[in-house]
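Structure first, commentary second.
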Amino acid sequence: MGPGPPDVTALERLLGLWLRAAERWRILATLGPFVPLLLLWWAVAAIELFPPAFFPGPLEVARRALELAWKGILGAYLEDSLIRLLVGAAAGIAVGLPLGLLLGLSDRAHRVLWPLVLFFQAIGDIAWLPILIVWFGFGLGTMTFVIVYTVMFPVLMNTALGVRSIPEVLPRAAASLGASRARILSEVVLPGALPNIITGLRNGLGFGWRALVAAEIIVGTSGIGFMMFDARRAGSVTEVVVGLAVLGIVWSIVDSWILAPLEKATGERWGLVAR
Amino acid sequence: MKELVVENLSKVYFDPRLGERVTALDGVSLRITPGEFVAVAGPSGCGKTTLLNLIAGFLEPTSGRILLDGREIDGPGPDRGVVFQSYALFPWKTVLENVAFGPRMRGLPRAECEARARRWLELVGLGHVANRYPRELSGGMQQRVGVVRALANEPEILLMDEPFAAVDAQTRMTLQEELARIFEERRPTIFFITHDVNEAVFLADRVLVLSKGRLREEIPVPIPRPRRWAALVENDSFKALVGRVLQAVRTA
Amino acid sequence: MRSANRSDGRDGLPAFFWAAAPFVVLILLWQLVVELFDVSPLVFPSVPAVLRAGLDGLADGSLAAHVGASLLRVATGTALAVLVAVPLGMAMGTQRGIAAFFTPLLRFFSVLAGIAWIPIATLWFGYGFGAIVFVIFNAVFFVVTYNTVLGVSTIPIELRRAAASLGAARLAIVREVLLPGALPNIVTGIRTGLGFAWRGLIAAEMIATSTGLGYMLFLARDFYRTEVIVLGMILVGAIWLALDRLLLAPLERRTIERWGLVRPT
Ligand SMILES: Nc1ncnc2c1ncn2[C@@H]1O[C@H](COP(=O)(O)OP(=O)(O)OP(=O)(O)O)[C@@H](O)[C@H]1O
Ligand SMILES: [Mg+2]
């Protein structure tokens, strides 16, 4: 006869509490790992392992962030960046989606254009900057072009992929049920490719966000990227870290609260995601 | 060959999500002599897998001891071969490489490992798929490879956790007969877990009935070998034994 | 929607032709437009001008120097990142609780991958090799760690147990089970990370150094040398395409195919 179950220790009780709480409030699971990271950061800064000017602590960064927010700079810059991203992304989708449909539906277009798509996608946003500056100067035109360019390719490529992966029987079935070409497009092709399109959108926005930051750093006159570059020029590591944190936090929120659920929902609804 | 002794074994899980403890095994003692085929039957959740995982060394007991040839076991080792319900074949290795894995880990020369693996594969009629990948095989064939992989490593005892539960009924009977044949020819020591009472009686020399973490009953199976389904389905003593074990599992 | 009937070789034309033809047409079109509309070389270069710039660069060795510098930085940063990320990811991935706990952290930093680190990299390391390698390291490291963790934690625990009960020691389990089991994810991670790194490299070189492709591009802008800019863009695209399509994509496909993609669950 074995001994009865030993008592649950305090540590185990704590673990249980954490796991149940994290399950109830998902946000806890997301934020949890940042606590030890922040503590570590704070500790490394506090013992001044590196000179404080080079390695500010979390409190200092938070204070600076609040200051910048209070002055309205942070909010204004963030707004600039997000509006640029939205406008650019909308334009990128408007170009990428029809092109993607074309490449998905027509074998001939696919054969001729696909290598070009691959090549121009490979050049990437950043390499366009110098010639864009020659054309548009430092400013909005350059930045918009970069974002449109960056968002367009993932949308285009994923749409084409999605359309091409629709089983051939589906449009045939629709046609034999008497659907017109336009109806087939709107009732079969678009819904069938939607999960891929959303994935492309998510990737595109992710790339676009990074490209925006790069563009703002190099040619910007406002925005979070510009703020970081400005801080760099002034030698303020604290403000650069504020920028980094804002970039990461904003994108994490957009991605995990809007884009990822959207992707999951479309994927699940169509039974493409196994889990 | 060595004797396996389990003494007063208990396992208490901590379920962190519920913040509770679950007693999966409660003071289990048993002894398996060399060359014996012992089956454990019992309802779902009674602790069968836990018992096997403890013997395999995948889990640490809360209390009690497991001795192989008088020495307490310490983690998994090649002296106890395991056959998993999910086959657990390495998907990136060919069938031959899977079977040769154990001998290779022992540092035998490559040629000898492969020769041995090939011999074992021939034995169960799988010589022709030696160079295929597991995913290219049917479930029944995969589990044959799983059994052969464990046997090719020449363990002291073979531990099998519902190995035939995932294949269709027809294949299951073939696999059971094949295992019976291998056992009759080579007399390995086998510890076999199942919730299929027919399977337990067909294969084992002795059936242990486990329920709620405790051993309830021990039923010897004095049916002579070789055992084949064709002869046993209508055999009265077989049917009687199945009835007895079923009764024990139900009432336990 | 198109079925598998698209075979490029069937009509007797090699796949190479179908890949090259659109570019030939594009180049002809480009030259035509430049000549027809008399485009100023300050706005867009002609094809011969770009060719000349390329030949000049080859002749005086500056092109090779820039490309070499860029590739060396990418190789160094990527190699360092993979060497740290894979063991770390494996160590984390084998502990399911730890892996789950730290995943949001890795995701957070993958989002920041690459470019966003340029300002702080230049503050910490000054302009030059160190800062750029740091940016590339960051671009690759978090993505590869994340993918390694993902790969290792999706390996069924039975595979590790099977190996252990067949006599595999700790190191052998890493070599025979964890590494091959996570390899498809690791390769995917490297491919994604390198994509970020290549962009980050070009951006960083525009700001923080005095050699490399990005620097070449940005310097040419100062002098309105559009032919050098366009040459640089073509090189950036061509090198990445070669790296991705000839090395990374086949590697990824091969590992995934060999592993059969279907993992026992
Ligand atoms: N890792 C674990 N943590 C907590 N509880 C567990 C764990 N593994 C098993 N248990 C619990 O221990 C008990 C015995 O489980 P076990 O898997 O050994 O049963 P089993 O007899 O093999 O069942 P089945 O026939 O369904 O395979 C069950 O109540 C189960 O819920
Ligand atoms: Mg079980």
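Numerical summary
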read-out: Value of relative contact order over chain B, rounded to a whole percent, pairs C-alpha under 8 Å and six or more apart; value: 25 percent
read-out: Gaussian network model of chain C, springs between alpha carbon atoms under 10 Å - residue of C:Gly214, C:Gly189, C:Gly130 with greatest fluctuation; value: C:Gly130
read-out: Interface burial for B against C (accessible surface, 1.4 Å probe, total of both chains, Å², rounded to 100); value: 2000 Å²
read-out: Heavy-atom accessible area per residue - the protein assembly as shown, 1.4 Å, Å²; value: 46 Å²
read-out: Longest DSSP-loop-exposure-free segment, GluC sites (Glu not before Pro), chain A, at most 14 other Cβ within 10 Å; value: A:49-167
read-out: Span from the segment B:1-59 Cα centroid across to the segment B:227-252 one, whole angstrom; value: 24 Å
read-out: Chain B: DSSP helices with Cα axial extent of at least 15 Å and average Kyte-Doolittle hydropathy no lower than 0.0; value: B:95-105, B:139-152, B:236-251
read-out: Considering only the protein assembly as shown, percent of DSSP beta bridges that pair antiparallel, nearest 5; value: 55 percent
read-out: Shape of segment B:36-189, Cα gyration tensor, a/c cut at 1.5; value: oblate
read-out: Percent RCO, i.e. relative contact order, over segment C:63-259, from Cα pairs under 8 Å lying at least 6 residues apart; value: 26 percent
read-out: Inter-chain Cβ neighbour average for residues B:59-70, partner chain, 10 Å; value: 1
read-out: Contact order relative to length of segment A:58-269, as percent, for alpha carbon pairs under 8 angstrom and 6 or more apart; value: 27 percent
read-out: Furthest towards positive pole of dipole, C:Leu150, C:Pro104, C:Ala242, structure part segment C:63-259, Cβ charges; value: C:Leu150
read-out: Cα-centre dipole for the protein assembly as shown with unit charges at Cβ (Lys and Arg positive, Asp and Glu negative), debye to 20; value: 1020 debye
read-out: Chain C, dipole about Cα centre (Lys/Arg Cβ +1, Asp/Glu Cβ -1), debye to the nearest 20; value: 1200 debye
read-out: Approximate spin-label separation C:Leu246-A:Glu67, in nm, with each point projected 7 Å along Cα-to-Cβ; value: 5.2 nm
read-out: Cα-based shape type of segment C:25-147, given that a ≥ b ≥ c are square roots of the gyration tensor eigenvalues and the cut on a/c is 1.5; value: prolate
read-out: Volume of the Cα convex hull of the protein assembly as shown, divided per residue and given in Å³; value: 223 Å³
read-out: Ranked packing of B:46-53, A:25-32, most packed first, by mean Cβ within 10 Å; value: B:46-53, A:25-32
read-out: Segment B:110-201: GluC sites (Glu not before Pro) in DSSP loop, at most 14 other beta carbons within 10 Å; value: none
read-out: Accessible surface buried upon A-C contact (total; probe 1.4 Å; Å², nearest 100); value: 5400 Å²
read-out: With Cα atoms, 0 to 90° folded angle of helix A:260-269 axis to chain A main axis; value: 40 degrees
read-out: Loss of accessible area when A meets B, both sides summed, Å² nearest 100, probe 1.4 Å; value: 1100 Å²
read-out: FRET efficiency estimate (nearest 0.05) - Cβ-Cβ, A:Leu86 to B:Leu18, R0 51 angstrom; value: 0.70
read-out: Largest to smallest principal axis extent of the C-alpha atoms in segment C:166-265, angstrom; value: 68, 25, 18
read-out: Interchain or long-range residues, amide H under 5 Å from B:Val40's placed H; value: B:Phe192, B:Ile193, B:Thr194, B:Leu208
read-out: Estimated distance in nm for a label pair at A:Phe34 and A:Leu11, the labels positioned 7 Å out from Cα along Cα-to-Cβ; value: 2.8 nm
read-out: Low-density loop cleavage sites - chymotrypsin sites (Phe, Trp or Tyr not before Pro) in segment C:146-230, where at most 12 other Cβ are within 10 Å (DSSP); value: C:Phe223
read-out: C-alpha center-to-center spacing [segment A:86-120, segment A:228-266] in angstrom; value: 28 Å
read-out: Cα gyration tensor category, rounded, prolate or oblate, for segment C:63-259 with a/c compared to 1.5; value: prolate
read-out: Within the accessible area of the protein assembly as shown (1.4 Å probe), percent carbon and sulfur; value: 63 percent
read-out: Calculated FRET efficiency for the pair A:Ser165/C:Leu171, C-beta based, R₀ 41 Å, to 0.05; value: 0.50
read-out: C:Ala65/A:Arg111 FRET efficiency (R0 41 Å; Cβ-Cβ; nearest 0.05); value: 0.60
read-out: Distant-in-sequence amide H partners of B:Val82 (H built 1.01 Å from N, under 5 Å); value: B:Leu159
read-out: Residue of A:Asp230, A:Asp107, A:Asp80 that the Gaussian network model of chain A assigns the largest fluctuation, springs spanning Cα pairs under 10 Å; value: A:Asp107
read-out: Local electrostatic count, A:Leu31, Cβ distance below 15 Å [Lys/Arg +1, Asp/Glu -1]; value: +2
read-out: In degrees, nearest ten, helix C:179-208 long axis to first principal axis of chain C (Cα); value: 30 degrees
read-out: Highest-fluctuation residue, C:Arg199, C:Arg245, C:Arg191 considered, GNM on chain C with Cα pairs under 10 Å; value: C:Arg245
read-out: With Cα atoms, 0 to 90° folded angle of helix A:107-123 axis to chain A main axis; value: 30 degrees
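The values are calculated or read from the model by the stated rules, or taken from the named source; none is laboratory data. All values derive from a computational prediction rather than experimental measurement. Note: ideal-geometry Cβ built from the backbone for every residue, glycine included; neighbour counts use all protein chains shown. Areas reflect the complete protein model, heavy atoms only, side chains present, ligands, DNA and RNA absent. Shrake-Rupley method; radii C 1.70, N 1.55, O 1.52, S 1.80 Å.
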